[in-house]
Amino acid sequence: MSRSVLSFLPWAIALNSFHPSEPLESFADLMGFYRDALPKLRPGNFEKIKSNDPAKAAQIDGLIMALLLVDGLLCARADHQANKPLRLPVNELAEYRVDANHFEQQTVDFAWRRLCERYIRRSRDLLQAAAVLGKPWLSGMTYRLCIARTEQVLREIQVDPAITYAGGRSPKLMDRLTAMTRILWRTLTGRR
């Protein structure tokens, strides 16, 4: 992947790739790991937002969590190749019967598709909860752009789960033009 989906956030972040110190056993462990990373990823004025509008602060955290889930899935193969702990729970990999061979041989089978679908659903649920951030037409535009770009990545993964092994993004020009048009439409109108 040329750049992380975390770059979609409407504010600049100074975070290099990060990994857990040891494999994460459950989804709760993964979310705890991400919750610990939230302070580094929040906007600079987060405390002010939190004191004025706690619901908006929670929606910002949800948006960040959605991007972290997508990023963890897109970085899984690179993390495996670098012998770093994956940001995917061990028990879910076992439940779906996804093993090291999937990452080494870039296997796209029913097990990999089901795992990707689970992460797509989780990310979309978080994006849906954060969609309220994009409501004011002008001030919410950057949030709508972030959500639309992330939705486009999720759509690409849903159509072709093999792109997760490459870190995302199809290289075809027509696919990129179609995606850019869809993103522009959703950002300007707030509609699907």
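Determine whether ASN83 is open to solvent by 60 Å² or more (accessible area, probe 1.4 Å), closer than 18 Å to GLU25 by Cα and either touching a Leu at 6+ places or on another chain (Cβ under 8 Å) or modelled with pLDDT of 95 or more (or both). Talk me through it step by step, then tell me what you get.
Values: open to solvent by 60 Å² or more (accessible area, probe 1.4 Å): yes; closer than 18 Å to GLU25 by Cα: yes; either touching a Leu at 6+ places or on another chain (Cβ under 8 Å) or modelled with pLDDT of 95 or more (or both): no.
Against the criterion (open to solvent by 60 Å² or more (accessible area, probe 1.4 Å), closer than 18 Å to GLU25 by Cα and either touching a Leu at 6+ places or on another chain (Cβ under 8 Å) or modelled with pLDDT of 95 or more (or both)), ASN83 does not qualify.
Here are ARG113, ARG122, ARG97, ARG169: which of them is at pLDDT below 90 and open to solvent by 10 Å² or more (accessible area, probe 1.4 Å)? I'd like the intermediate steps shown before the answer.
On the way: ARG113 fails: at pLDDT below 90; ARG122 fails: at pLDDT below 90; ARG97 fails: at pLDDT below 90.
That would be ARG169, the only listed residue that is at pLDDT below 90 and open to solvent by 10 Å² or more (accessible area, probe 1.4 Å).
Here's the yes/no breakdown for (1) aliphatic (A, V, I, L, M); (2) in a helix (DSSP H, G or I); (3) in contact (Cβ under 8 Å) with a residue 24 or more places away in the chain:
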| position | (1), (2), (3) |
| --- | --- |
| LYS84 | no, no, yes |
| LEU93 | yes, yes, no |
| ASN101 | no, yes, no |
| ARG113 | no, yes, yes |
| ALA129 | yes, yes, yes |
| LEU133 | yes, yes, yes |
| PRO136 | no, no, no |
| TYR143 | no, yes, yes |
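Which members of the stretch 43-56 meet the condition of being outside any loop (DSSP other than H, G, I, E, B), open to solvent by 60 Å² or more (accessible area, probe 1.4 Å) and not acidic (Asp, Glu)? Spell out how you get there, then give the answer.
Within the stretch 43-56, the first condition is being outside any loop (DSSP other than H, G, I, E, B), and the residues that meet it are 46-52, 54-56.
In the following step, the residues that additionally are open to solvent by 60 Å² or more (accessible area, probe 1.4 Å) were identified as 47-48, 50-52, 54, 56.
Answer for the stretch 43-56, where residues must be outside any loop (DSSP other than H, G, I, E, B), open to solvent by 60 Å² or more (accessible area, probe 1.4 Å) and not acidic (Asp, Glu): LYS48, LYS50, SER51, ASN52, PRO54, LYS56.
Restrict the check to the stretch 62-75 and report whether at least one residue is open to solvent by 20 Å² or more (accessible area, probe 1.4 Å) and assigned to a helix (DSSP H, G or I).
Applying the first criterion (open to solvent by 20 Å² or more (accessible area, probe 1.4 Å)) to the stretch 62-75 yields 75.
Next, from what is left, pick out any that are assigned to a helix (DSSP H, G or I): none.
No: the stretch 62-75 contains no residue that is open to solvent by 20 Å² or more (accessible area, probe 1.4 Å) and assigned to a helix (DSSP H, G or I).
Residue check, ASN83 against (1) of a type in the set (S, T, N, Q); (2) more than 24 Å from GLN152 (Cα to Cα); (3) under 19 Å from the mean Cα position of the chain (by Cα), all met but one. Which one?
It is condition (3) that ASN83 fails.
Here is a check on your reading of the model: is ILE157 farther than 30 Å from ASP53 by Cα, within 12 Å of the chain's Cα centre (by Cα) and in a helix (DSSP H, G or I)? Break it down into steps so the answer makes sense when it comes.
Details: farther than 30 Å from ASP53 by Cα: yes; within 12 Å of the chain's Cα centre (by Cα): yes; in a helix (DSSP H, G or I): yes.
Against the criterion (farther than 30 Å from ASP53 by Cα, within 12 Å of the chain's Cα centre (by Cα) and in a helix (DSSP H, G or I)), ILE157 qualifies.
Taking the stated definitions as given, is LYS40 open to solvent by 10 Å² or more (accessible area, probe 1.4 Å), of a type in the set (D, E, K, R) and more than 19 Å from LEU145 (Cβ to Cβ)? I'd like the intermediate steps shown before the answer.
On the way: open to solvent by 10 Å² or more (accessible area, probe 1.4 Å): yes; of a type in the set (D, E, K, R): yes; more than 19 Å from LEU145 (Cβ to Cβ): yes.
When the stated conditions are applied, LYS40 passes them.
The values are calculated or read from the model by the stated rules, or taken from the named source; none is laboratory data. Keep in mind the model is a prediction, meaning the values are calculated, not measured. Note: ideal-geometry Cβ built from the backbone for every residue, glycine included; neighbour counts use all protein chains shown. With ligands, DNA and RNA removed, areas are computed over all heavy atoms of the protein, side chains included. Shrake-Rupley method; radii C 1.70, N 1.55, O 1.52, S 1.80 Å.
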